[in-house]
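The values are calculated or read from the model by the stated rules, or taken from the named source; none is laboratory data. Predicted model only: the values in this text are computed from it and were never measured. Every residue, glycine as well, gets a Cβ built from its backbone with ideal geometry; the counts of neighbours run over all protein chains shown. Heads up: the accessible areas ignore ligands, DNA and RNA and are worked out on the full protein's heavy atoms, side chains in. Shrake-Rupley method; radii C 1.70, N 1.55, O 1.52, S 1.80 Å.
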Amino acid sequence: MSTRGGTTMAEALRYGPESEDLLIIDFHAHLGRWHHYWFPEDGAEHLVARMDEFGIAASVAHHTLGLVGEFGRGNDIIGHAMRTFPGRIEGATMVNPNYSDEMIPELRRCLREYDMRLIKLYSGYHRHRLNDEAYWPVYEFAKDNNLIVVTHCGPKVEYGSAEQLAEMAAKYPDVVLVAYHVASDADAASLYGKIARANPNYYLEICGPMTHNILERLVEVADEDWLLFGSDSLFLALPPQIGRVASCRLTEDQKRKLLDLNAKWLLSRIRQS
């Protein structure tokens, strides 16, 4: 990778790449506002502007309206963002198991109207465990339509635990499942890493606060082929999330897999069907 000022990824991100060789894929982004955070930007144009600024080629995004029951309206906003910025935003359909009769029709609608090929589950706000039978039709739909399921997770939570998703990974081995927020601490890294190694369809997304050497620990336990970069933008700022990868002690090839190559491979799979 040729860069101005040096040959490492950290130098490329500092000085800017001479070519489009370094283009990151962000597997975790949001549109919409949320009461826990203050941020002045929440639209697709704001997200794409930040992506352009920091070398993000594409972002997997869902809308916060799906957390509070207005999933249809939020999905439409994401779908229109996909049309406005083709190839830059990969939409994730949000559904809510508290509206069980609407889940599959909504998934069908978003696949048909917007070609959304990812599904976002947020079990904590929807108060259903990831292995709850209410979610099984969603996993079945993902299997039948070659879709990726991304999930808000945590190591010590009642809803959305690593073990719950592991059970679904074993039950649906043909469905790619992505656990968000796995790099919060060393215990979480060890737990998620071991589960990912045992389930080849179980991928790990790294956004959020990280202690020292977490990424190195994840690679040691799980292997770099199962890691995905995510920023939680526009909730969180992009530079520190990217910087954690650029400045860690992984090899340049490992960083490249984490920042874009693994995600490119996964997204190419769902676009082949």
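Shown is the FRET efficiency for Arg73 and Asp225, computed with R0 = 25 Å from the Cβ-Cβ distance and rounded to the nearest 0.05: 0.10. Along each principal axis, taking the top coordinate minus the bottom one, the Cα set of the stretch 88-171 gives 37, 29, 23 Å in descending order. The alpha carbon radius of gyration of the stretch 121-168, expressed as a multiple of 2.2 N^0.38 Å, is 1.08.
The three principal axes of the C-alpha atoms in the stretch 33-119 carry coordinate ranges of 41, 30, 15 Å, sorted with the longest axis first.
Based on every Cα atom in the stretch 170-257, Rg and the maximum pairwise Cα distance Dmax equal 12.5, 37 Å. Working from the Cα coordinates of the chain, the gyration tensor eigenvalues give, after taking √(5λ), semi-axes of 28, 22, 17 Å in decreasing order.
Across the chain, the longest run free of exposed loop sites, meaning GluC sites (Glu not before Pro) lying outside DSSP classes H, G, I, E and B with no more than 11 other Cβ atoms within 10 Å, spans 21-157.
Computed from label points 7 Å out along Cα-Cβ, the spacing between Glu53 and His80 is 2.4 nm.
If you bin all the Cα-Cα distances of the stretch 109-265 at 10 Å, starting from zero, the percentages per bin are 11, 42, 35, 11, 0. For the chain, the per residue solvent-accessible surface stands at 42 Å², with DNA, RNA and ligands left out and a 1.4 Å probe.
Just so you know, the averaged projected area of the alpha carbon convex hull for the stretch 150-213 sits at 3.9 nm².
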